[in-house]
Structure formats: structure tokens, C-alpha cells
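The values are calculated or read from the model by the stated rules, or taken from the named source; none is laboratory data. Given the structure is predicted, the values throughout are model-derived calculations rather than measurements. Here the Cβ positions follow ideal geometry from the backbone for every residue, glycine too, while neighbour counts run over all protein chains shown.
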């Protein structure tokens, strides 16, 4: 079966700022903010939530199906996905607008500032997930155009397909009612600790209420690992997998999602799923860019066993 990944396909412009943002911002003058961060590294790379998640899923031997859109300059991205063995049948191309782009600046404390251009991502709304003939095990509804996320979650409910609501940086785009509806339509809600606090603030629901509306709440905590909570009161703490180097944190969260839901598709328990996600994230952190890490399944399994003291067989 395939794992459906609805989200963005983006050209990432990744920059390193060799200082801390806080040293260049005057809190008492925030109302007239005017700053320039001189970066010492700039690279353009393949990115976007759908592309990043699907890339790592493919490395893990899964069969992700990407649902997204690119612009007039996106043919190269589609060709790249095909060369990596990914299904591109559900990627729209707009001949007028440019592909979505993200300009991501990371300081030396791993804080990030991002400017994002949506481009033609709204075109993916034309796809009805309920009508896709391919057998699907789970669908990830990741950050992209707001209208696409709303529709695709609704499609999953119509199809009876387990869905993951991953609002990310799009949380503020939704109204309170929309967020409550989407949480209630999903089987999983996932985000980092900041996003979870923001989600609680925007919905007016505390973590207990969110868990009661969905089935599983996954909170990622960076180097502190992750917490997986269920309505039954179960709380599973997953420790992180230390990377060999910390070259770039961008895309680590997407790699975690890839590992977790490949594990879910294969029937592993939540703790093992979380540990698979943590190992996948460690590889992403070791390279500059979101789709530059590589590993073989034996290498991945060896790192998993070394870090968690358990054997894992991936085929």
C-alpha cells in the first residue's frame, strides 16, 4: 500500500547566519523593526513538506504518493522526484506562476526565520483524495495552502482513511472553528512543542481536550526527543538519536514524520515508530539541505540498534 503525502513542493533557499538573531534585535524598538542579517552561506535545494517527507519515506523502502503542485519552473523538481522513484501522478503544474519558495535563515543557536511564497500550491485542491484508486494506508496532511489542507482532510474522512493533521507554520492561517474541525477529523495530530502551544492557544483547547478529539498527539522536542499521547492516558517518551554532526536542522521534523509513519504502516507500536522517526531525523541533521541525506536500510538498522539497544528489520 501507499502512504499519501499532501503538502508543499518548494525550492528552499537555505542560509546560515553566523551569530544569534537576538544580538541584532532591540526589544524596545520592535515596533520599528529594520534588520539585515548578513549570511555566510546560501544554497538552493529541493524542499517542501511533501517532498521532504516522501524523500525519506522512499529511503526507508516505502511507497509514498505525493499530492502537490509546482509552477512553470517546477519541471526539474518533478523530474528529480521521478529519478528518485517517487510517484508524481498527482502533482499539478501551473504554467504562469513560479514554484513555491522558502527563504530560511538559521542562526548559530538553531533559531530560524522563514519567508514563504505559496506559488501555485492551491492547485492541489483539485485532487479528490477519496477518488484516488491506489490502495492507501494513511494520509499525511502537511503544511501547504490552507484550502488544500481543509479539503484533503475532509476527503480522508469521506474515504475512511486514517489522516495525520500536521498544521505546522500554517496554524495561524486557520480560524478557531477550522482548527477544531480539522483536529477532530484527524487520527493523529503532530507538531513541535512551540506549535502545540500555539495550537492550544488558537483552538482554546488544552492538550487533554485535543487528545480527546483526535486519537494520538505527537509532540516533537528536538534534541529532547518526542512525546506520544493517547486518549487512554498513555504517554510514551521517545529519546532522540544523536546525529554524528549538526550541519543543518532544517527538515529534521519532516524526516521524523517519515520514519514514524513508515513504522505505523508496517504495524510497529508507537514507541518503535517514534524511534524510527528519531533515527531518520538524525540523518537529516547531518547534511545541509532537506533532501541530501542518504542511508541504506542496513545502515539505518545498525544506527537504530546502537542507539536503542533493539534490533529492527527494515526491508
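For region 134-141, check the following and say yes or no: at least one residue is at negative phi, part of a loop (DSSP other than H, G, I, E, B) and at pLDDT below 95.
Of all residues in region 134-141, those at negative phi come to 134-141.
After this cut, where a residue has to be part of a loop (DSSP other than H, G, I, E, B) as well, the list is 134-135.
After this cut, where a residue has to be at pLDDT below 95 as well, the list is 134.
Yes.
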When you go through (1) outside any helix (DSSP H, G or I); (2) at pLDDT 95 or above; (3) within 29 Å of residue 46 (Cα to Cα) one by one for residue 268, which number turns out not to apply?
(3)
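Mind checking whether some residue in region 20-33 is out of contact with any helix residue (DSSP H, G or I) (no Cβ under 7 Å at 6 or more places or on another chain), in a loop (DSSP other than H, G, I, E, B), more than 29 Å from residue 122 (Cα to Cα) and in contact (Cβ under 8 Å) with a residue 24 or more places away in the chain?
First, pick out the residues of region 20-33 that are out of contact with any helix residue (DSSP H, G or I) (no Cβ under 7 Å at 6 or more places or on another chain): 20-33.
With the extra rule that they be in a loop (DSSP other than H, G, I, E, B), the set shrinks to 20, 25-26, 33.
Adding the requirement that they be more than 29 Å from residue 122 (Cα to Cα) leaves 20, 25-26, 33.
Remaining after also requiring in contact (Cβ under 8 Å) with a residue 24 or more places away in the chain: 20.
Scanning region 20-33, I find at least one residue that is out of contact with any helix residue (DSSP H, G or I) (no Cβ under 7 Å at 6 or more places or on another chain), in a loop (DSSP other than H, G, I, E, B), more than 29 Å from residue 122 (Cα to Cα) and in contact (Cβ under 8 Å) with a residue 24 or more places away in the chain, so the answer is yes.
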I need the full set of residues from region 111-132 which are in contact (Cβ under 8 Å) with a residue 60 or more places away in the chain and more than 17 Å from residue 146 (Cα to Cα), in order please.
111, 112, 113, 132
Strands (runs of 3 or more DSSP E) contained in region 159-234 and holding at least 3 residues surrounded by 15 or more Cβ atoms within 10 Å (Cβ to Cβ), within 16 Å of the chain's Cα centre (by Cα) and on the phi < 0 side of the Ramachandran plot:
163-165, 188-192, 216-220
Considering only residues that are within 19 Å of residue 1 (Cα to Cα) and surrounded by 15 or more Cβ atoms within 10 Å (Cβ to Cβ), which ones fall in region 128-151?
129, 132, 136, 137, 138, 139, 140, 141
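Taking region 282-299 only, how many residues are surrounded by 14 or more Cβ atoms within 10 Å (Cβ to Cβ), assigned to a loop (DSSP other than H, G, I, E, B) and over 16 Å from the mean Cα position of the chain (by Cα)? Break it down into steps so the answer makes sense when it comes.
If we filter region 282-299 for residues that are surrounded by 14 or more Cβ atoms within 10 Å (Cβ to Cβ), which is where we start, we get 282-293, 295, 297.
Retained after the next criterion (residues that are assigned to a loop (DSSP other than H, G, I, E, B)): 286-293, 295.
With over 16 Å from the mean Cα position of the chain (by Cα) added as a condition, the list becomes 286-288, 295.
Of the residues in that region, 4 qualify.
Just for strands (runs of 3 or more DSSP E) wholly inside region 77-126: which have at least 1 residues that are modelled with pLDDT of 95 or more and over 18 Å from the mean Cα position of the chain (by Cα)? Even if it seems obvious, please write down each step before you answer.
On the way: elements: 87-93, 101-106, 112-117.
The qualifying strands (runs of 3 or more DSSP E) are 87-93.
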Scanning region 85-115 residue by residue, the ones that are over 30 Å from residue 23 (Cβ atoms) and exposed (fewer than 15 other Cβ atoms within 10 Å of the Cβ) total 4
